[in-house]
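S.K.: Here you go, one structure.
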Amino acid sequence: MERMDNSIDMPSVIRHTLEMVQIADRGGFKIVWAAEHHALEMTIAPNPFQILTWWAAHTNDIRLGSAVAVAAYWHPINLASEAALVDLISNGRLEFGIGSGAYQREFDRMHPGLKQSDAYRYVHEMLPVLKKLWQGDYEHNGEFWSFPSSTSVPKPVQTPHPPIWVAARAPITFDYAVDNGCNIISWPITRPFSEVELYKTRLVESMAKSNAEHRPVFAMMRHTSVYSSSGHRDAAIAAIQKSMGMFQNLFLNLGDVKNGFPKQIPLDELSGKEQYEPFMLEQNLMLGNPEEIIRKLKTYEALGVDDFVYLTSMGLEHDLQKRSLELFCNEVIPEFI
């Protein structure tokens, strides 16, 4: 869910979000993902499990993923139980994603004193604890959390637990995912295909070092807009440029956020601004007509990417978002079935 400014009201955002999820459910998508972010209108997701519970009641087949629950913002008992409740309510459709978190601004409010660069340590302690709590009674004495014998109530439907995903770009996170039987979601932001190749190399290197037999599902997320007109193309590029200007404001922790809306950094002031030129955006991201999208996806498939994550949130007008998703479902997905 997103608002780039206050020109659109939240009831409209809610209606649009659910409609998009239902289009994806009918159109053949495997998983729909909900993030966790706080006090930011451009990413409205204060609790991914509350969002997934809402979607579970209005969908039939699509699986429900947290991408990702931020480990440092949760207590293990709370996180284990809320995730298990979603799995129970949805009859075993949960895909459990966990990660370190994105913006220092959020850590300054949700976990003061913690540097974002150190937050991976909370993931490393949290995940084994969750697995124990999903099994039964467990007492924990760790660096970040300690509690007497307790368990997850309820327990997940899926055994021994729902599939686990981690958000990974750094080598240490790839290593952890492979060693702990986790699937991987990577996001190259607006960088070129060489960044995707880099992440695949990190996966291969992690697997070569590990004794684990599990081969992670390797998923890649990209901004996506499928179009058949120049007007839709121009609108998609302008929307991505605006949203990435706001993203960099948050990423650099500039503090220029008013009532939940980050100020957009002008295009010519962006770090690596060449990435945001129209030609580069159209080349690097999943932008184009259905034939161009199919061609790009087959390049990812040939590299060894298993799942493609369609990132629709970028401030594009709602009708164009729906048109793009419908084109993807009707003309792109059938090429990969």
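S.K.: Taking the stretch 97-135 as the region of interest, how many residues are β-branched (Val, Ile, Thr) and touching a His at 6+ places or on another chain (Cβ under 8 Å)?
M.R.: Number satisfying all stated conditions: 1.
S.K.: Here is a check on your reading of the model: is residue 87 among the charged types (D, E, K, R) and crowded, with 16+ Cβ neighbours inside 10 Å?
M.R.: Yes, satisfied.
S.K.: Would you check if residue 264 is within 30 Å of residue 330 (Cβ to Cβ) and either touching a helix residue (DSSP H, G or I) at 6+ places or on another chain (Cβ under 6 Å) or surrounded by fewer than 20 Cβ atoms within 10 Å (Cβ to Cβ) (or both)?
M.R.: no
S.K.: If you don't mind, there's one more thing I want to ask. Report those strands (runs of 3 or more DSSP E) wholly inside the stretch 120-205 carrying at least 2 residues which are under 30 Å from residue 247 (Cα atoms).
M.R.: Counting at least 2 such residues, we get 164-167, 183-186.
S.K.: What pairs come out if I take residues in the stretch 300-314 that are more than 20 Å from residue 226 (Cα to Cα) and in contact (Cβ under 8 Å) with a residue 12 or more places away in the chain and pair them with residues that are aliphatic (A, V, I, L, M) and exposed (fewer than 15 other Cβ atoms within 10 Å of the Cβ) whose C-beta lies under 9 Å away, six or more apart or interchain?
M.R.: Filtered contacts from the stretch 300-314: 304/204.
S.K.: What's the total number of residues in the stretch 223-257 that are aliphatic (A, V, I, L, M) and without any contact (Cβ under 8 Å) to a residue 24 or more places away in the chain?
M.R.: In the first step, residues of the stretch 223-257 are kept if they are aliphatic (A, V, I, L, M); the result is 226, 235-240, 244, 246, 250, 252, 254, 257.
Filter once more, keeping what is without any contact (Cβ under 8 Å) to a residue 24 or more places away in the chain: 238, 252, 254.
Result for the stretch 223-257: 3.
S.K.: Right, another one. Just to be sure I understand the filter: pairs with C-beta atoms under 7 Å, separated by 6 or more residues or on different chains, first member in the stretch 1-23 and within 22 Å of residue 329 (Cβ to Cβ), second member among the aromatic types (Phe, Trp, Tyr) and surrounded by 11 or more Cβ atoms within 10 Å (Cβ to Cβ). Which pairs pass?
M.R.: 21/55
S.K.: Sticking with this structure for a sec: Out of 12, 100, I need the residue that is hydroxyl-bearing (Ser, Thr, Tyr), surrounded by fewer than 16 Cβ atoms within 10 Å (Cβ to Cβ) and modelled with pLDDT of 95 or more. Which one?
M.R.: Numbers: 100 fails: surrounded by fewer than 16 Cβ atoms within 10 Å (Cβ to Cβ).
12 is the lone residue from the list that is hydroxyl-bearing (Ser, Thr, Tyr), surrounded by fewer than 16 Cβ atoms within 10 Å (Cβ to Cβ) and modelled with pLDDT of 95 or more.
S.K.: State whether one or more residues within the stretch 146-166 are surrounded by 21 or more Cβ atoms within 10 Å (Cβ to Cβ), in contact with a strand residue (DSSP E or B) (Cβ under 9 Å, 6 or more places away or on another chain) and within 23 Å of residue 40 (Cα to Cα).
M.R.: Among the residues of the stretch 146-166, at least one is surrounded by 21 or more Cβ atoms within 10 Å (Cβ to Cβ), in contact with a strand residue (DSSP E or B) (Cβ under 9 Å, 6 or more places away or on another chain) and within 23 Å of residue 40 (Cα to Cα), which makes the answer yes.
S.K.: Would you mind finding the one in 75, 58 that is exposed (fewer than 14 other Cβ atoms within 10 Å of the Cβ), under 22 Å from residue 328 (Cβ atoms) and modelled with pLDDT of 95 or more?
M.R.: 58
S.K.: Can you say whether residue 134 is surrounded by 21 or more Cβ atoms within 10 Å (Cβ to Cβ), touching a Cys at 6+ places or on another chain (Cβ under 8 Å) and closer than 28 Å to residue 62 by Cβ, as far as the supplied structure shows?
M.R.: Details: surrounded by 21 or more Cβ atoms within 10 Å (Cβ to Cβ): yes; touching a Cys at 6+ places or on another chain (Cβ under 8 Å): no; closer than 28 Å to residue 62 by Cβ: yes.
Here the answer is no, as residue 134 does not meet what is asked.
S.K.: So, one more: If you take the residues in the stretch 103-131 that are aliphatic (A, V, I, L, M) and farther than 22 Å from residue 43 by Cα, which one is surrounded by the most Cβ atoms within 10 Å (Cβ to Cβ)?
M.R.: Among residues in the stretch 103-131 that are aliphatic (A, V, I, L, M) and farther than 22 Å from residue 43 by Cα, the one surrounded by the most Cβ atoms within 10 Å (Cβ to Cβ) is 130.
S.K.: Condition first: over 27 Å from residue 104 (Cα atoms) and either over 16 Å from the mean Cα position of the chain (by Cα) or surrounded by fewer than 20 Cβ atoms within 10 Å (Cβ to Cβ) (or both). Can you find one or more residues in the stretch 47-54 that meet it?
M.R.: Within the stretch 47-54 (the criterion being over 27 Å from residue 104 (Cα atoms) and either over 16 Å from the mean Cα position of the chain (by Cα) or surrounded by fewer than 20 Cβ atoms within 10 Å (Cβ to Cβ) (or both)), the answer is yes, since at least one residue qualifies.
S.K.: Another one. Taking only the stretch 278-337 into account, find how many residues are outside any helix (DSSP H, G or I) and acidic (Asp, Glu).
M.R.: The number of residues fulfilling the criteria is 3.
The values are calculated or read from the model by the stated rules, or taken from the named source; none is laboratory data. Source: prediction; values computed, not measured. Neighbour counts run over all protein chains shown; Cβ positions are idealised from the backbone, glycine included.
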